[in-house]
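Below is one structure, written out as structure tokens; the observations come after it.
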Amino acid sequence: MAHNIADLFEHAVDLTPERVAVICGEHRVTFAELEDRSNRLAHHWASRGLGRGSHVGVHTRNRIEALEAMLAAYKLRAVAVNVNYRYVAAELRYLFEDADLAALVHERRYGDRVAEALPAGVREVLVLDDGSELDCAGHGATPYEAALANSSPERDFPTRSGDDLFLLYTGGTTGNPKGVMWRHEDVWRTLGGGIDFMTGEAVTDEWQQATEGAAGGGLVRLPAAPFIHGAAQWAAFGNLFACSTVVILPEFDPDEVWRAIETHGVHVLAITGDAMARPLIEAYHRGGYDAGALVAISSSAALFSPAVQEQYLDALPNVVLTDSIGSSETGFSGIGVLSKDGRRTGGPRVRADSATAIIGADGRPLPRGSREVGLLARSGHVPLGYYKDPDKTGSVFVEVDGTRYVVPGDYARYEDDGTVTMLGRGSTSVNTGGEKVYPEEVEGALKAHPDVFDALVFGVPDERLGQCVAAVVQTRDGAAPAWGELEAHARELIAGYKVPRKLWLAERVHRSPSGKPDYRWAARYAGRHEPDAVRAGAAQRPAASDAAERTT
């Protein structure tokens, strides 16, 4: 059996060729049409010498052609490479060269940046029309539709394998982008429906998803994040494998999301944490939209804070909320089903599966029930490593007692009920007076205040403490909460030593297109502006009351 992305898609095509596969605005394609166009693109690339192992960059916003390009690459046993459409020329140049691109598909609007960054090794460039007027002839781009028009629609490709490569570039919170390498079967088992998220049961064969999806009507899913993010790609792929419709929008706009939900009867909305959840729930209240078809909202890859969850539970009581944890390196690591009876504070808390562990200070898995903070780890279907970075691979992928784990650096702890609470990436934790403070926990406390729209928490140098906890906060329009009020509110939810000692107010907190926090931006912002508030004793060791809170 070939647990391969292209094969899994083709099984759905064979069973439901006339069912609508993808909707984007007024444009929609059936499974047969998506198959036809991706076959044509694959044949065009094959005629240019691309094939197994060739790397193809996809530099677009969310649009049907982005899915066509990814599927076409996998049909050839080539490798699709996600390109962040917000990158400037210098960042693109690094990515293009590091990823060893042989071909590129890009929207016309990015032509100037592409022309400046394109390395000599890229031998085939296709340009997608997007309504802009840029002339892309200077870097040898061929119109995308012309390439398809002159190619064969036949499905006559080499036999594929579950060992074929899936490559996902992730910017992370620090450093240059890095490519995470997965086998097709491993990433499908982790993110694409090869293992049921809720039950943990494995799909028995490569036809099961398509067969079950064809028999039912399928769930219409809308991934709101951009395809530069793995969670959005796999929300789409998983639906396609199950003969189900995917609705996409070129860029995230909360009102457009609700209009699409209303128009197309979307059943499942996939988001990435508060950066999408907050503007979405406010647009819902403002616009009076009909979300009657919606049965589930799933958040992943970014903090979905308890205060925001409560707004959804109050406004949409019949909708199931799920919050999953994971990363580009671990994929899916656990899921939490949220209800009004289980309200809580702190970082994301999920039910972890048997492949998830927490590694303690001695380098060994902690027993479930331990309250020690450790590093989240995952075994089983995990990536091969980082592309062209054996040193990084060796430090993140480790073997314990014969079991291979990926340990990307996220701190976590077991709770008394057996669930796991995520505390944040170790590289962004704040060491203040010898105590570790994890940003996501503090951010969740700040965002529980009704006047706070968004917040990023990080460490700044402090003479006595080494670092002190700091925050950049975006308040709601027209709100101006006093620092004392925010401090008192935070102290009700977290220990005093975790409460920010320095505060900056910004018009907008900067995040990545997928909603992930940009801590480098926060540090730069703090370095260029005087703080709007400094907590008394910021340059002193924690007060006795803080120490008492730590012991309790």
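Each value in this text was obtained by applying a stated rule to the coordinates, not by laboratory testing. These figures come from a predicted structure and were not determined experimentally. Please note: Cβ atoms are built from the backbone with ideal geometry, for glycine as well, and neighbour counts cover all protein chains shown.
Specify the angular offset, from 0 to 90 degrees and rounded to the nearest 10, of the alpha carbon long axis of helix 89-98 from the longest principal axis of the alpha carbons in the chain. Its long axis makes an angle of about 70 degrees. Each residue of the stretch 155-163 was assigned a 3J(HN,Hα) from its phi angle through the Karplus expression (A = 6.51, B = -1.76, C = 1.60, θ = phi - 60°), giving 9, 9, 10, x, 4, 9, 9, x, 8 Hz with x at Gly and Pro. Taking amide H as placed 1.01 Å from N in the peptide plane, Trp504 has its amide H under 5 Å from the amide H of Ala471, Val472, Val473, Asp532, each at least 5 places away in sequence or on another chain. For Leu126, nonlocal amide neighbours, meaning residues 5 or more places apart or on other chains whose placed amide H falls under 5 Å from its own, are Leu104, Val105, His106, Thr142. The distance between label points at Arg155 and Thr419 comes to 4.2 nm (points 7 Å beyond Cα on the Cα→Cβ vector).
Taking every lysine pair in the chain that is 8 or more places apart or spans two chains, those with Cα atoms closer than 20 Å amount to 9.
Between Leu316, Ala352, Gly49, the Cα set farthest toward the positive side of the dipole of the chain (charges on each charged residue's Cβ, about the Cα centre) is that of Ala352. Charges were assigned to the Cβ only: +1 to each Lys and Arg, -1 to each Asp and Glu. The resulting dipole of the stretch 436-551 about its Cα centre is roughly 400 debye.
Working note: Karplus 6.51/-1.76/1.60 with θ = phi - 60° gives the stretch 490-503 the couplings 4, 5, 6, 10, 9, 4, x, 5, 8, 5, x, 9, 9, 9 Hz, where Gly and Pro are set to x. Charge dipole of the chain (Cα centre as origin; +1 on each Lys and Arg Cβ, -1 on each Asp and Glu Cβ, all else neutral): 1200 debye, rounded to the nearest 20.
The loop-placed GluC sites (Glu not before Pro) in the stretch 486-516, going by DSSP, that have at most 14 neighbouring Cβ atoms within 10 Å of their Cβ come out as Glu492, Glu507.
Between Arg28 and Asp253, the modelled labels are 2.0 nm apart [label points 7 Å from Cα along Cα→Cβ].
Take every DSSP beta bridge whose two residues both sit in the chain; close to 60 percent of them are antiparallel.
Counting only alpha carbon atoms, the long axis of helix 64-75 and the longest principal axis of the chain meet at about 70°.
Of the GluC sites (Glu not before Pro) found in the stretch 237-290, those that fall in a DSSP loop while having at most 13 other beta-carbon atoms within 10 Å are Glu251. Across the stretch 354-421, the fraction of Cα-Cα pairs farther apart than 16 Å, rounded to a whole number, is 45%. Against the set (i) 212, 64, 63; (ii) 75, 53, 50; (iii) 66, 56, 55, the structure's computed Cα extents along the principal axes in Å falls on (ii). Positive-end ranking of Ala480, Ser370, Ser132 along the dipole of the chain, with charges on Cβ about the Cα centre, is headed by Ser370. 3J(HN,Hα) along the stretch 181-189, derived from phi through the Karplus expression 6.51 cos²θ - 1.76 cosθ + 1.60 where θ = phi - 60°, amounts to 9, 10, 6, 4, 5, 5, 6, 5, 4 Hz, with x in place of Gly and Pro. For the chain, the longest principal axis of the alpha carbon atoms and the long axis of helix 306-315 meet at an angle near 60°. Any idea what the relative contact order of the chain is, in percent, if you count C-alpha pairs under 8 Å spaced at least 6 apart? Worked out over the chain, it gives 10 percent.
In this structure the amide hydrogen of Ala301, modeled in the peptide plane, comes within under 5 Å of the amide hydrogens of Ser324, Gly326, none closer than 5 places in sequence on its chain. Computed about the Cα centre, the dipole magnitude for the stretch 1-198 is approximately 340 debye when only Lys and Arg (+1) and Asp and Glu (-1) carry charge, each at its Cβ.
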